[in-house]
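Below is one structure, written out as structure tokens; comments come after it.
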Amino acid sequence: MRYVFKKCGTMLLTLIVVSLCLFIAFWLISGDPATHILGTGATPERLQALREELGLNAPLFVRYFRWLKGFLTGDLGTSYVYSLPVRDLLASKIPVTFFLAVFSFVLVCLIGIPLGLYTGRHAGGRADKIIMVCNQVIMSIPPFFSGILISWVFGMILHLFAPGGYVPFSKSAPAFFSYMIFPAIAIALPRAAMTAKLLRGSILEEAGKDYTRTAYSRGNTVNGVLFHHVFKNAFLPVLTFLGMSLANMLAGSLVVERVFNIPGMSNTLLTSIGNRDYPVVLAAVMWIAFVIIVINLAVDLLYRVLDPRTAQE
Amino acid sequence: MDRKEEVILEVNHLTIEFHDHDTPERVVDDVNFVLHKQEILGIVGESGSGKSMSALAIAGLLKRHALSLSGEILFDGTDLLTCDRERLRSYQGDEISMIFQEPMTSLNPLQRIGHQMEECLRIHHKEMTKKERYDRAIRTMTAVGLDDAEKLYRMYPHELSGGMRQRVMIGAATIARPKILIADEPTTALDVTIQAQIIALLRKVNVKRETAILFISHDLSLVRQLCHKVIVMQKGRIVESGITEEVFEHPEQPYTQALIEAIPKVEL
């Protein structure tokens, strides 16, 4: 329990450091939000007035502490471009990305783990060889390409969904789900392939260890050894990878959101960077940092549950 | 030892060859011996003499397809080299058990001691209830010299010392009361005082549980302390065998003499 509190403290500190770095980064890169909003034809007086209004004239640290104070009290500021509170703006985006990530993650687990188990169990067999070749191919296809391929095959040829025709959950839940399956597959496929390969390798490594021999000497079957002994040991490195994957997916898959025209976080982030809409960018990056830290913490905790050796300090 | 003894294991013309090179490599060559009930038989030899391979073959732990095995290993009227897998598995852990050289890595790091102690019972004695298994595990742990068995039952291997882990291995291997315990260099990885304790424990298992022990070692002084009979192996062949004292007092082969002379003597 003390460990969790300590970790949460570190988490808050990390978030603050991340936000400070971002502020400095924005200060260093050129680009004036006021010019961006009003256009290059605007008079200097109007630009100056808008800068004053947005609070851009204050020194860097004043601006930072103003933002930090808002952040800690739950106020993320107002979007320069949309003139909407950032919180309301992102509140509609995060659930979309969140759903896509969780959906993809479930697919990764459902495809990757059984495949890894099967190929690890039957390593060297014909099925294993075929699966590993397919794996290699799938792993080397970038998501934007598989996204386009999926849109083309399932959308244009098989007419299973309308590419680009995103339907919000609030409008029609079934339409939303049946649309989201395809981007989720595009995100999940390469990661599922990696999970399978990683688990297979890990199983083969564990299968050569002494405790496996002990397990056989007690009269275990091959499956008995695999499921009662090897799997849990072999799963540990895979857990780290799955955690990283989930964090990445929650942070948003930019390419897939673009290809499938999904109004998620990544799309918003990219647009806002182009618009120099700093409050939105800041909030989005804070979300990403938050997600990565939380998932890391969760993986750490899970590790401690699964592997008693790590719990010993 | 002149009474008619019951033979429980008979090894006839055991030959093991590796085929991963162009010319087959014969690591065990025409090995013959018998193990009697409640006997401790030592197999000594240098590394590479084929003693561990023979032990693994008897325990059914060699991959049959990876190397060629010939001859027969008769246990309970069954040839362990040719019988079907299921039959072999029904003996493993229940009638024939094995402990290994490395107690540090021979236990599953993620399973509690108690769970590993009970594994042979879970596999071979499905009729036992959870409570019965637990009681047996606690009794066995106490019998192999693990104090505070209830507490140890819930601990993990990394929390135990090497000597304790080897005791756990011995307990787990003998919990189902096997007829044969194969001990492959069980004390090599342990320091000397622990070594002596483990040897004493094996002797106790042999007497109390009436378990025959096949004791594989390169350490002749340990073999002399523990074993009733001894086999000396060199390059896959048996070069000498007999009652331990006789072999040690009157070694016939120069190889055996050299091995015995290599034992460091403590002079005061």
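Work out which helices of chain B, taken as complete DSSP H runs, extend at least 15 Å along their axis over the Cα atoms and score a mean Kyte-Doolittle of 0.0 or more, then list them.
Once both thresholds are applied, what remains is B:162-174, B:192-208.
May I ask you to sort A:122, A:159, B:115 by Cβ crowding, counting other Cβ atoms within 10 Å and putting the fewest first?
The fewest-first ordering by Cβ neighbours comes to A:159, A:122, B:115.
Hey, could you get me the Stokes-Einstein D for chain A, Kirkwood radius over alpha-carbon pairs, 20 °C and 1.002 mPa s, rounded to whole µm² s⁻¹?
Approximately 95 µm²/s, per Stokes-Einstein.
Using alpha-carbon positions, what is the distance between the centroids of region B:84-134 and region A:190-241, in Å?
Value for the Cα centre distance between the two parts: 18 Å.
Using only the alpha carbon atoms of chain B, find the Kirkwood hydrodynamic radius as the inverse mean reciprocal pair distance, in angstroms to one decimal.
Its Kirkwood hydrodynamic radius stands at 19.3 Å.
What FRET efficiency, computed as 1/(1 + (r/R0)^6) with R0 = 45 Å and r the Cβ-Cβ distance, is obtained for residue A:49 and residue A:149, rounded to the nearest 0.05?
The pair residue A:49/residue A:149 has a calculated efficiency of 0.35.
Take every DSSP beta bridge whose two residues both sit in the protein assembly as shown, then give the antiparallel share in percent to the nearest 5.
55
Any idea what angle helix A:173-207 forms with the longest principal axis of chain A, computed on alpha-carbon atoms, 0 to 90 degrees, nearest 10?
Between the helix axis and the principal axis of chain A, the angle is about 50 degrees.
Using only C-alpha positions, report the orientation-averaged shadow area of the convex hull of region A:64-143, nm², one decimal.
Averaging across all directions leaves 8.7 nm² for the Cα convex hull.
Please report the orientation-averaged projected area of the protein assembly as shown, defined via the convex hull of its C-alpha atoms, in nm².
Mean shadow area of the hull around the Cα atoms is 39.3 nm².
Looking at chain B, which longest stretch skips every one of the trypsin sites (Lys or Arg not before Pro) that is in a DSSP loop with at most 14 other Cβ atoms within 10 Å, leaving the sites themselves out?
Free of exposed loop sites, the longest segment is B:155-264.
With no solvent and one equal point scatterer placed on each C-alpha of region B:53-116, evaluate the Debye formula and give log10 I(q)/I(0) for q = 0.24 Å⁻¹, two decimals.
Taking Cα atoms of region B:53-116 as identical point scatterers yields -1.08.
For region B:182-268, what does the convex hull of the Cα positions come to per residue, in cubic angstrom?
Dividing the Cα hull volume of region B:182-268 by its residues yields 118 Å³.
Of the DSSP beta bridges with both residues in chain B, give the percent that are antiparallel, rounding to the nearest 5.
55
Of the listed pairs A:209/B:265; A:129/B:63; B:130/B:229; A:7/A:69, which have alpha-carbon separations greater than 31 Å here?
A:209/B:265; B:130/B:229
What's the angle, to the nearest 10 degrees (0 to 90), between helix A:2-28's Cα axis and the longest principal axis of chain A?
In chain A, helix A:2-28 runs at an angle near 50 degrees to the longest axis.
Based solely on C-alpha atoms, express the radius of gyration and the Dmax of region A:94-263 in angstrom.
18.6, 60
Which lysines have a Cα less than 25 Å from the Cα of residue B:131, not counting those fewer than 8 places away in the same chain?
Hits, sequence-local ones excluded: B:151, B:179, B:208.
Let me know the mean shielding of B:53-66 by other chains, meaning the per-residue number of their Cβ atoms within 10 Å of its Cβ.
1
Which angle from 0 to 90°, rounded to the nearest 10, does the C-alpha axis of helix A:126-140 make with the longest principal axis of chain A?
10
Would you calculate the convex hull of the Cα atoms in region A:222-313 and tell me its volume per residue in Å³?
117
Restricting everything to alpha-carbon atoms, can you work out Rg to Rh for region A:2-91 with a Kirkwood hydrodynamic radius?
Reported Rg/Rh, Kirkwood definition of Rh: 1.07.
At a Förster distance of 22 Å, what's the computed FRET efficiency of residue A:88 paired with residue A:171, Cβ-Cβ distance as r, to 0.05?
Here the calculated transfer efficiency is 0.70.
Excluding residues on the same chain fewer than 8 positions from residue A:171, give the lysines whose Cα lies under 29 Å from its Cα.
Answer for residue A:171, where 29 Å is the Cα cut-off: A:93, listed by chain and number.
Any read-out appearing in this document is the output of simple, stated calculations on the displayed coordinates, not a laboratory observation. Given the structure is predicted, the values throughout are model-derived calculations rather than measurements. Methodologically, a virtual Cβ is constructed for each residue, glycine included, from the backbone with ideal geometry; neighbour enumeration extends over all protein chains shown.
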